[in-house]
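Before any comments, here is the structure.
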Amino acid sequence: MLLSFSLSLSLMSEIANLISRALIFASKRSVSARKWTPSIEQTLHRLRCRDSLSPSLVARVIDPFLLNHHSLALGFFDWASQQPGFSHTSVTYQAILKSLSNSRHFNAVDKLLKQVRSQKVDLDPSVYRSIIASQIMGKKTHNAFLIFNEVSALNYDIGADTYSSLLAALSSDGYISYARKVFDEMTLRGVSMSTVGFGVFIWRFCRNAEVGETLSLLDEVRNGVSEINGSVIAVLIVHGLCLESRVADAFWVLDELRKRDCKPDFIAYRIVAEQFRSMGNVVDVEVVLKKKRKLGVAPRANDYREFIFALISEKRIWEAKELGEVIVSGNFPIEDDVLNALIGSVSISYPCSAMLFYKFMAGKELFPFLPTLRNLSRNLCKHGKIDDLLEVFQILSIKGYFSDMARYNVMVSFLCKAGKVKEAYEVLQEMKKKGLCPDVSFYNYLMEACCKEELLRPAKRLWDEMFASGCSGNLKTYNILIRKFSEKGQVEEAQRLFSHMLGKGVVPDTMTYTSLLAGLCKENKIEDALEVFKKSSEHDTLLAQSILSTFILNLCKEGHFRAASGLLCGLTSDIGQLDSHVILLNCLLEAAEISVAIEHIKSVREKSALMLQPICSELLASFSSSSKAEPILQFLQPVKEKCPI
């Protein structure tokens, strides 16, 4: 009996794998890749899987095989619901919700959850856990709270980690009243709170609450099952009060925190002292510092290290930034890896703070990790902080940081991205003086920057210099230049480079062919374009398939409809694709070339009558977005008898 069950599970898994692979393959051949289309439904009908459909099979197709193909997963889920005698159950809902949560398709998740409620489907708590986590990561904190309310009503356990993440997220995003409800629920259920969860909550809560109420919540946690870091919590409460200029409360609460075994460390005392100093209260500053010397304890760097890493992991970047600034402004101990983590994460939204951390690091004679430098440079470019970027590289250069190609490549790549071509050229000269030979990546960065700035002559000189120095170009080198020459109408130069790369044994890719074919079409060199496409098909059938649609579109843009039709009708079945025919027909209809469209359909029918049905289905599906209904009607009139939809 057990063996039979195992065999049936194995067979079901094989069938699910077969269906999923067929769906993925069909979607790649469709006009709208990875989206559900009539031709994909026909794939399922050809597999004849309707009669063997079961909730278990549908769930197995989606999870694990379509988890990362959310549109196909949802399309398959909806298709299954339309089949006679089939009804979704908890296992199918769990599978589709898992896929949609992973891809953060929140509208679809909301719609499905409404179905779950109306049909009273019982879901495993783990499903709600993943949905809430997805909503939090997607900045849909309010939605996460609404789902949490449903879960609470069902008396499900979603786990301490999810509770704490939601508590921190609601607090961070300003939903303090909702956060308080989560806090009360956790206290009532005896759910353990993490230092991050409670810390972010109390940090925000204390700002506008009476100090007594804040301490009351702290007492509830200290007397419960949670193990929180008292010194860190003390810093957060004091900092929160000082942010609201409640320095008197902050000073008073220091003793109260110490009584509750949340010993304020030097960081907490400094926060209060600096707040008094900013107000000009010199006497109070001395009182605080005296108390610090008597009662304060040295901060434990590892405690803050763990807390900051936890904040970054939970995407509480503002909180990590604030705490990091408090630590570095007081020159307190902080490890290299924490500084690197702060610079890399904070620079995404707060580039000025990231620069503060970077300068603190530089002042300690420390160098950033290479990934940190990449992240900082990328985000400074994104925010337009080019002067800061130049300062970063200047400081590192003075300190002798740039000593190998990996580091030089990071600098020159972002100088080029920032449009600082002159500065990048200066780096090239600096490297030569040091006896370092730039590699092909270095030359590629510079050539690409020159092309973006319309500096074609310098780009050509770099090309010549690169080969003269014994550095051979790679695929990216050729693609950069072929694309630019093609864009600028210098297709003869692009063709010369194409021949050169073939002679050097460099294999062209999709970008190479797409750029060159676009340039040739634009210059009306159709025979040359067709010859280049022929080379691609001889080189790699799959590659030819991938560039065919774009090639057809480029031909149509320049009005070469008959050339496009002749190309498609002359291709073998392993290269010709459904979406290319649909693109051509759509272009013909948009251009009111009805006669050419009808001729093309006739040619398709003569060559492969089986292809006619899916082409018509895809064409009809795409008509809804068309702005020209009249040409469509003219076209369909003589064709509809041949396309029994």
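The values are calculated or read from the model by the stated rules, or taken from the named source; none is laboratory data. Remember, predicted model here, so these are calculated numbers, not experimental data. Cβ: placed from backbone, ideal geometry, glycine included. Neighbour counts: every protein chain shown.
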Review point. Restricting the search to the range 145-161, which residues are surrounded by 17 or more Cβ atoms within 10 Å (Cβ to Cβ) and either among the basic types (Lys, Arg) or farther than 22 Å from residue 117 by Cα (or both)?
Key: 160
Point to revise | Single residue of 192, 216 found to be surrounded by fewer than 21 Cβ atoms within 10 Å (Cβ to Cβ), farther than 13 Å from residue 239 by Cα and under 35 Å from the mean Cα position of the chain (by Cα) | key: 192
Check your understanding: If you go through the range 317-334 one residue at a time, do you hit one that is surrounded by fewer than 17 Cβ atoms within 10 Å (Cβ to Cβ) and in contact with a Ser or Thr (Cβ under 9 Å, 6 or more places away or on another chain)?
Key -> yes
Revision key, fill the gap. Taking the range 254-296 and keeping residues of a type in the set (A, V, I, L, M), more than 46 Å from the chain's Cα centre (by Cα) and surrounded by fewer than 16 Cβ atoms within 10 Å (Cβ to Cβ) leaves 282, 283, 287, 295
Check your understanding: What number of residues within the range 105-155 are under 28 Å from the mean Cα position of the chain (by Cα) and in a helix (DSSP H, G or I)?
Key -> 30
Point to revise | Among residues of the range 466-490, those that are in a helix (DSSP H, G or I) and either closer than 16 Å to residue 450 by Cα or modelled with pLDDT under 95 (or both), counted | key: 15
Practice item. Tell me, please, whether a residue that is touching a Leu at 6+ places or on another chain (Cβ under 9 Å), more than 19 Å from residue 406 (Cβ to Cβ) and of a type in the set (Lys, Arg) can be found in the range 451-464. Key: yes
Check your understanding: If you check residue 19 against the conditions, is it surrounded by 15 or more Cβ atoms within 10 Å (Cβ to Cβ) and either among the acidic types (Asp, Glu) or under 23 Å from residue 549 (Cβ atoms) (or both)?
Key -> no
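Rundown of residues vs (1) surrounded by fewer than 22 Cβ atoms within 10 Å (Cβ to Cβ); (2) at pLDDT below 80; (3) more than 22 Å from residue 527 (Cα to Cα), yes/no style:
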| site | (1), (2), (3) |
| --- | --- |
| 559 | yes, no, no |
| 567 | no, no, no |
| 574 | yes, yes, yes |
| 577 | no, yes, no |
| 587 | yes, no, no |
| 595 | yes, no, yes |
| 598 | yes, no, yes |
| 602 | yes, no, yes |
| 608 | yes, yes, yes |
Exercise for review: State whether one or more residues within the range 167-178 are exposed (fewer than 15 other Cβ atoms within 10 Å of the Cβ) and within 20 Å of residue 310 (Cα to Cα).
Suggested key: yes
Study note, to complete from the structure: Picking from 175, 156, the residue that is touching a helix residue (DSSP H, G or I) at 6+ places or on another chain (Cβ under 7 Å) and either at pLDDT below 95 or polar (S, T, N, Q) (or both) would be 156
Practice item. Among the candidates 221, 225, single out the residue that is β-branched (Val, Ile, Thr) and out of contact with any helix residue (DSSP H, G or I) (no Cβ under 6 Å at 6 or more places or on another chain). Key: 225
Check your understanding: Between a first residue in the range 413-429 that is at negative phi and a second residue that is part of a helix (DSSP H, G or I) and polar (S, T, N, Q), which pairs have beta carbons less than 6 Å apart while being 6 or more apart in sequence or on different chains?
Key -> 414/377
Review point. Can you find even one residue in the range 482-495 that is within 21 Å of residue 529 (Cα to Cα), exposed (fewer than 14 other Cβ atoms within 10 Å of the Cβ) and among the small types (Gly, Ala, Ser)?
Key: yes
Check your understanding: Which is acidic (Asp, Glu), within 29 Å of residue 346 (Cβ to Cβ) and surrounded by 20 or more Cβ atoms within 10 Å (Cβ to Cβ), of 306, 314?
Key -> 314
